[in-house]
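Let me begin by presenting the structure, written as structure tokens, before commenting on it.
The values are calculated or read from the model by the stated rules, or taken from the named source; none is laboratory data. Given the structure is predicted, the values throughout are model-derived calculations rather than measurements. Glycine gets a Cβ as well: all are built from the backbone with ideal geometry, and neighbour counts include every protein chain shown. Areas reflect the complete protein model, heavy atoms only, side chains present, ligands, DNA and RNA absent. Shrake-Rupley method; radii C 1.70, N 1.55, O 1.52, S 1.80 Å.
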Amino acid sequence: MSKRSTNDIENSQVEAVITKSPFNKLGQKYVSSKNEEDIGEFEDPWEDEFETESEEEIIENSELDSDEDAMEVEEEVEVEEDTEQVYLPGQELNKDEILEADQSTYVMLHSLNVKWPCLSFEILWDNLGDERKMFPVTAYIVAGTQADRPKNNELMVMKMSQLYKTQNDDNDSGKESDDSDDDDEALDEDPILESKSFKHYGGVNRVRVMPQRDCHIAASWADTGKVHIWNLDPLMKALDTSGFLISQKALKPLYTIESHSTEGFAMDWSGTVPGRLLTGDMHTNIYLTTKSQSTFKADREPFVGHTSSVEDLQWSPIETNVFASASADQTIRIWDIRGKKKHALCIKAHENDVNVISWNRKMDYLLASGSDDGVISIWDLRTFVNNHETPKPVANFKWHSAPITSIEWHPTEESVLGVSGSDDQISIWDLSVEHDTEENSHKIFGKDGTEVPSQLMFVHQGQNDIKEIHWHPQIPGCMISTAETGFNIFKTVSI
């Protein structure tokens with residue numbers, strides 16, 4: 001991921017201003033108009049374009065002196081409407097064509113610029129309630145930076161608040177709202193970003209947080225080859241409590257894992273046993289770290305079996321001793337930590353590197369994987385019976401045209417899957433949708449003849465070099481993504 005030069009980041013609060021839904025034209029980078037010394041800000045791509053009445057062209061009724069003139073105006077409007085087309089990713093644009101987001105397809109959409117790109121982040125549990133559907137919403141995340149120098153990196157906790165619904169400027173002006181509350185939830189108010197951070201030597205390859213709700217313990221994979229474990233509670237309290245001071249001791253890691261001989265990306269906390277952490281590196285090794293009463297303890301003997309870099313790890317959502325691993329050796333392996341440091345099952349899952357995997361929390365026999373050639377595969381783990389028969393995926397999708405960078409099942413909808421790729425797309429899928437071979441009227445085809453899969457619900461664009469996505473566990477349908485160009489937080493009408 002490319003670096004962007006700027007001044008040192010200060011451990012401070014930043015209030016950001018936006019006047020419209022901050023989504024720029026697709027395919028363009030977001031450009032910040034604020035001083036780069038700030039941690040980050042929400043964007044206002046519309047600037048003052050729609051806010052200055054003096055700039056608007058007003059047509060007086062008296063100018064329409066005849067029915068003939070009125071007809072000419074109507075014809076002009078019709079011509080403009082005919083120029084709007086639906087865009088499919090990969091479709092080439094003409095010289096005079098641009099892409100614009102259809103605001104009516106979003107319930108909420110906000111963009112956030114940060115000083116340094118973040119390869120990885122995680123959404124933090126909060127005490128604001130589950131199944132939140134009222135706006136504005138608030139979200140907390142932890143993210144790690146990729147700065148120009150190792151000493152300039154940080155592990156940041158960010159609080160995004162006052163996030164209102166997206167205003168849909170395309171709505172008919174004469175159409176009345178079905179619910180007066182909708183107007184209040186889509187007020188043109190300023191979102192607020194606040195941030196507190198730890199100094200983190202080295203770029204942050206990946207961040208993962210313990211899934212247990214009673215604490216905020218995070219692990220960061222540094223490009224120095226070390227894994228640091230942090231207590232985020234002091235930073236959370238500082239964001240929520242005016243005048244709260246963070247002690248110098250609280251700014252240091254709780255523990256540092258030094259078992260690895262090189263850097264890595266794979267990492268996952270157990271959801272069934274608090275404090276169990278798996279980390280995998282580029283030299284094929286996987287290590288287990290466990291929490292004791294007062295500290296953590298890292299194993300010195302690795303799980304061995306992969307022949308190339310370990311790219312991702314996932315604990316079983318129900319089996320306390322079982323986990324899965326994905327590797328650049330094109331395999332997915334299932335392990336039992338009670339074994340002799342050797343995998344129990346192994347399958348060749350893809351024809352290229354297996355970059356990411358996600359274990360379904362609602363249907364624990366489903367595993368999703370994404371590869372370097374853009375293929376998404378869905379696996380039924382009940383077919384992983386032995387090493388003599390190669391199971392086949394229950395579903396395969398080749399929609400993305402570049403490597404899959406992130407994949408995650410929806411936390412409450414067992415058939416919904418989110419995927420991001422290096423082709424600057426985030427695709428949202430509903431695997432419960434069945435393809436009707438007899439019904440052809442609703443099929444959509446690209447110019448190259450490629451059919452849009454029936455299970456594809458939504459495609460989100462507008463970011464460059466998307467690295468990671470996560471569903472918010474407490475705000476249904478809300479997704480956050482990180483890319484070279486910053487963060488997006490959005491909720492579509494589809495999910």
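List of remarks:
- Residues within the reach of a label modelled at Asn396 (point 7 angstrom out along Cα to beta-carbon, backbone nitrogen below 15 Å), restricted to region 363-381, are 369-380.
- Among residues other than His400 with Cβ under 11 Å from its Cβ, the summed charge is -3 (Lys and Arg +1, Asp and Glu -1).
- Between Leu128 and Glu414, the C-beta separation translates, for a Förster distance of 22 Å, into a calculated FRET efficiency of about 0.35.
- Taking every Cα-Cα distance in region 218-257 and sorting them into 5 Å bins starting at zero, the pair-distance distribution P(r) comes out as 6, 23, 25, 19, 15, 8, 4, 0 percent.
- Here the accessible area is traced with a 1.4 Å probe on the protein chains. For region 279-408, carbon and sulfur cover 47 percent of it.
- Scattering profile of region 272-408 at q = 0.13, 0.22 Å⁻¹ [log10 I(q)/I(0), Debye over alpha-carbon scatterers]: -0.53, -1.44
- Surface accessible to a 1.4 Å probe, per residue, for the residues of region 268-312, Å²: 44
- 27 Å Cα-Cα threshold exceeded, pairs from Lys196/Lys467; Lys133/Lys159; Lys151/Lys491; Lys199/Lys297: Lys151/Lys491
- Volume of the Cα convex hull of region 368-422, divided per residue and given in Å³: 89
- Based on the convex hull around the alpha carbon atoms, region 269-347 presents an average projected area of 4.9 nm².
- Between Asp190 and Asp96, the FRET efficiency from the beta-carbon distance, with R0 = 41 Å, is close to 0.75.
- Distant-in-sequence amide contacts of Thr405, defined by a placed amide H-H separation under 5 Å and a gap of 5 or more residues or a different chain, comprise Ser420, Gly421, Ser422.
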